[in-house]
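The values are calculated or read from the model by the stated rules, or taken from the named source; none is laboratory data. Given the structure is predicted, the values throughout are model-derived calculations rather than measurements. A quick note on method: Cβ atoms are made from the backbone with ideal geometry, for glycine too, and the neighbour counts reach across all protein chains shown. These accessible areas exclude ligands, DNA and RNA; they are computed on the full protein's heavy atoms, side chains included. Shrake-Rupley method; radii C 1.70, N 1.55, O 1.52, S 1.80 Å.
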Amino acid sequence: MTQSIKSEFDCYGELARTTVSSIMLSGRNHFQASLVAHILQDVKAKLSIASEHRLLEIGCNIGLMLSPLSQGAREAVGVDHPVIIERYRKMGVPNNTTLIEGYWPHVLVPGMFDRILVLSVLHSLRSATEAMTFLKACFSILAPGGRLLISDLPNEDMRSRYLESRSGARIASEYAHAIDEARASTVAEEYTRRDEIFAEAKDVVFINDDFILQVLGESRKSGLDAFVLPQPPELPYSQSREDILIMRRG
Ligand SMILES: C[S@@+](CC[C@H](N)C(=O)[O-])C[C@H]1O[C@@H](n2cnc3c(N)ncnc32)[C@H](O)[C@@H]1O
């Protein structure tokens, strides 16, 4: 396993200091911008947010999910890197939403939450141990009747199964082609900048079938219900990523 020298959290903060587009800052490609609405719809269905709920998004970035989700909640809180939060504030934050700067779980977030979203964040961490510490801190603030959605987990075993399939190999090659085209397009500079910044944070792969089962086991040992959920086919990485929904009985 490679030890990273810089956290991806810091890389995102550094990226936010540049003029990079919102879609790239959210960790996505330009050609995936139209898919954000599908991701939002899937998250809404899985979280089932109601008007009396307190909602927390850890790793909220510039609020592509949090701002629209906050409309269905009583109150919303977002946590992320200070420079990202500064950029989110400049873009405009809903009245019922509070932003907190800091690294979860080191940052203090007051109160319990009915709904917690962790979307495309866990693989930014540097080890399975760090990820479990992150998740257990989420368990500790999940209110009775609450739901915690850990979404978009890039499971390397699932990815291998997908790449071994005929359709997987074809779709992966189409994706690689789309990336090549983007890198040769008018947004090429954004890719170069993102690559340079993230080059210092070495990729640590720890999300696999064993890790998914470990999360299910730890959740249930903590008295919570936990389920693996698939992503609908219209989502960008639905063939190689999955979600875990954790629920505390009311
Ligand atoms: C790929 S982006 C996803 C953003 C957002 N969830 C979305 O789907 O649009 C990951 C975000 O998680 C943040 N992040 C990573 N580790 C974090 C941590 N330990 N605490 C808070 N934020 C974190 C990064 O700064 C980055 O903004």
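In table form, for the structure just shown:
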{"read-out": "Eligible lysines near K202 by straight Cα distance, threshold 21 Å, same-chain separation 8 or greater", "value": "K6"}
{"read-out": "Phi-based couplings in Hz for the stretch 108-114 (Karplus 6.51, -1.76, 1.60; Gly and Pro marked x)", "value": "8, 10, x, x, 9, 10, 7"}
{"read-out": "GluC sites (Glu not before Pro), loop per DSSP, at most 15 other Cβ atoms within 10 Å - longest free stretch of the chain", "value": "53-199"}
{"read-out": "Antiparallel DSSP beta bridges within the stretch 116-250, percent to nearest 5", "value": "75 percent"}
{"read-out": "Extension reserve of the M247-I179 stretch, reckoned as 0.36 nm per residue once the Cα distance is removed", "value": "20.8 nm"}
{"read-out": "Fraction of accessible area attributable to carbon and sulfur, the chain (%, probe 1.4 Å)", "value": "52 percent"}
{"read-out": "Rounded if a/c under 1.5, otherwise prolate or oblate - the stretch 4-113, Cα gyration tensor axes", "value": "oblate"}
{"read-out": "Sparse-neighbourhood loop sites, trypsin sites (Lys or Arg not before Pro) in the stretch 39-98 - DSSP loop, at most 15 other Cβ within 10 angstrom", "value": "R74"}
{"read-out": "Span from the the stretch 65-113 Cα centroid across to the the stretch 171-245 one, whole angstrom", "value": "22 Å"}
{"read-out": "Under 24 Å from K44, Cα to Cα: lysines that are on another chain or at least 8 residues apart", "value": "K136"}
{"read-out": "Residue list for the stretch 174-216, given a label point 7 angstrom along the Cα-to-Cβ vector of V83 and an amide N cut-off under 15 Å", "value": "193-201"}
{"read-out": "The stretch 16-69: C-alpha gyration tensor shape, a/c 1.5 cut-off, then a/b vs b/c", "value": "oblate"}
{"read-out": "Average accessible surface area per residue within the stretch 1-143, 1.4 Å rolling probe, Å²", "value": "41 Å²"}
{"read-out": "Three-way shape call for the stretch 178-250 based on the alpha-carbon gyration tensor, with the a/c threshold at 1.5", "value": "prolate"}
{"read-out": "Residue-span extension gain [Q214 to A50] - 0.36 nm each, minus C-alpha spacing", "value": "56.1 nm"}
